[in-house]
Amino acid sequence: MQNKIENNRLNIPYFIIDSLKNIVSFNLNNAGDIKLSLREPPQIGQSFVDIIPQEQASYISSAIDKCLSGRTIIADNDIANKIIITHFKFQFLFIPLPINVAFHYAVCLIIPNANQSDSQFSNYDYSSLASHGLRGPVSNILSLANYDNYPQLKSYEALKIKSLLKNIYGQAEKLNDVIVSLNYLINNDKAAFAEDTNIEKFMVNTLVLVDDDPLVNKMHKMLLKKYHANIDVIDFNNPQKALDYIAAHRTELIFLDINMPEIDGWEFLSRLKNQPLKPKVIIVSSSIDPSEKNKAYSHDCVKDFISKPLTREKLNKLFLENV
């Protein structure tokens, strides 16, 4: 059972609900023994309230209203247990997700009751959810909304775009601060995550990016081209293809993500040990989990651990000038 949990620890069931109470996203994959007594299977665009059993629909609708107004709501246990059928005790947790003044969402997480001793989830599961499931998209927004990452434009339209991106960046920063605080509370028995870029600076001609998100690779290539144009960057969103390339070509440095399907960062590092040449690795991840940072440094090839989003300042700490 523990191996199954470790392999699927990010698959905590959830629904994302818009201001009209319609489902915009959900994940019920690998939900273990959890069964929901819904009126019908959920679908994108469907009213979340309409699929809840009629006896509990009014209560759930009210909980969503409170969540959309900015409150975090833990559903009544008796009501939750009538909707969630499992031999474990679970709860509905509604978390507000304000995007901007006009767009608000409610995130409904199906989580184990914190008071039960026989829970199938651990603090590590929640820490992983915060570091990857929540912070991953937020770090992408921060990267996309950082106007300094783009070529400089001076037109009137460009100034308007800059103002809009600044507002988006500010909102994403606030959400990021909440996630960082949540992760700190979860990991209060561990050392706090701190980015302490190593003193070693690199001078490389080639760099391999390994991240399953093509958007992340594109943004990282754009940054490197703008601030370190002499580095030849090769990117892969398929880790196996990256390993095949590294086996056939001299590779000096790798930027490696952790949270990837099929071959994650840890498996990638394990397979890298079998390569004839041992390139240096920089972990570039959404993770702010101290245990993952410590695990990364247990690999000799890992020289640094950087939390996304990648910025000009972080690159300057890594590379010698004019490389």
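If the limit is 31 Å between Cα atoms, which of 295/317; 82/308; 21/295; 21/241 go over it? Exceeds cut-off: 82/308; 21/295; 21/241.
For region 200-214, putting each phi into the Karplus relation 6.51 cos²θ - 1.76 cosθ + 1.60 with θ = phi - 60° gives couplings of 4, 10, 9, 10, 10, 9, 10, 9, 10, 9, 10, 8, 6, 9, x Hz, in residue order, rounded to whole numbers and with x for Gly and Pro. Length gained on full extension, residue 299 to residue 215: 27.5 nm, using 0.36 nm per residue less the C-alpha separation.
When the square roots of the Cα gyration tensor eigenvalues are ordered a ≥ b ≥ c, the ratio a/c for region 257-323 is 1.5 or more and a/b does not exceed b/c, which makes its shape oblate. Between residue 247 and residue 81, the contour length at 0.36 nm per residue exceeds the alpha carbon distance by 54.5 nm. Remark on residue 319: its backbone amide H falls under 5 Å from those of 202, a criterion applied only to residues 5 or more positions apart or on other chains, H modelled at 1.01 Å from N. Per-residue 3J(HN,Hα) values for region 271-288, derived from phi via the Karplus relation 6.51 cos²θ - 1.76 cosθ + 1.60 with θ = phi - 60°, read 6, 5, 5, 7, 6, x, 9, 10, x, 7, 10, 10, 6, 10, 9, 6, 5, 10 Hz in sequence order (x marks Gly and Pro).
Here, each number is a calculation from the coordinates, and none is a lab measurement. Bear in mind the structure is a predicted one, so any value in this text is a computation, not a measurement.
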